[in-house]
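The values are calculated or read from the model by the stated rules, or taken from the named source; none is laboratory data. These numbers were taken from a predicted model, which means no experiment stands behind them. Every residue, glycine among them, receives a Cβ derived from its backbone with ideal geometry; neighbour counts consider all protein chains shown.
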Amino acid sequence: MLKTPLKTLLDILIHHFTKERLVTLILTADEKLLTFMLEHENANDYKNAFFKTIANTLVFNEKALLECLEIKELENSFTRFKNKIGLYSQGRPIKSSELVVLHFPFKDNILLGNAKDNNTKSNELFYHEILHKNEIDTLLHPKALCRFEMHGEGDLESALKDENTNYLIKGNNLIALHSLKKKFAKKVKCIYIDPPYNTGNDSFNYNDNFNHSSWLVFMKNRLEAAREFLSDDGVIFVQCDDNEQAYLKVLMDEIFLRENF
């Protein structure tokens, strides 16, 4: 059973940061978390439990705080393994430590993923996040959308100012997402994506008959952009068949966090 000051601290941290985020913040020694703990009015009650002084410098003991968090979760049970199904490494769940993620060739790249209305397919270029930073900055810099047409009744100019107006955008979806991000960030309640299934038989021809890693890069770039649109209570659905479903699930766990599934 935790002593009162430690239990109080954990209650405060969970309330302030949410339980879902707390493990990640602890593992990354998040600056906001550490500042909150050290500047809290009751810091002296628990500082020695989670910090140690080395060469006149406070060092965060993440393991101690994680253990206390686990004890708090299980303090009313008769086993510390309750609800802990999965692989462990050095006493910690691998999924919590973020030691296992989905890696694939070109994961640190941007894939434009051009689509054409004809049967012509060309090889895609990958832009490396470091080596091609200037190209990526230019590519993802917001672009001006033009050639608007009004479908239905109403005034086009008024419709463009209305937040409830529906848009049908013809063009590269990655560029469109980054161009709309500032206007719609954290405002979207639901996102539905129907990407190419990577079967070689998609009705709409993307340049390059995606191989496995190319498809994952293609999806990663767009899912990371889509995440910025979602409101706190927003949801995202991705249409997919069995060909890539398992890999897509792990990729989305990494981007949106597994507990949000």
Of those in segment 91-141 that are part of a helix (DSSP H, G or I) and charged (D, E, K, R), the residue modelled with the lowest pLDDT is K95
Selection over segment 31-47 where residues are within 19 Å of L257 (Cβ to Cβ) and surrounded by 16 or more Cβ atoms within 10 Å (Cβ to Cβ) yields a count of 1
Next on the checklist: When you check K189 against the structure, is it modelled with pLDDT under 90 and not in a loop (DSSP other than H, G, I, E, B), yes or no?
Outcome noted: no
Qualifying residue in segment 146-162 (condition: modelled with pLDDT of 80 or more, of a type outside the set (A, V, I, L, M, F, W, C) and in contact with a Ser or Thr (Cβ under 7 Å, 6 or more places away or on another chain)): no
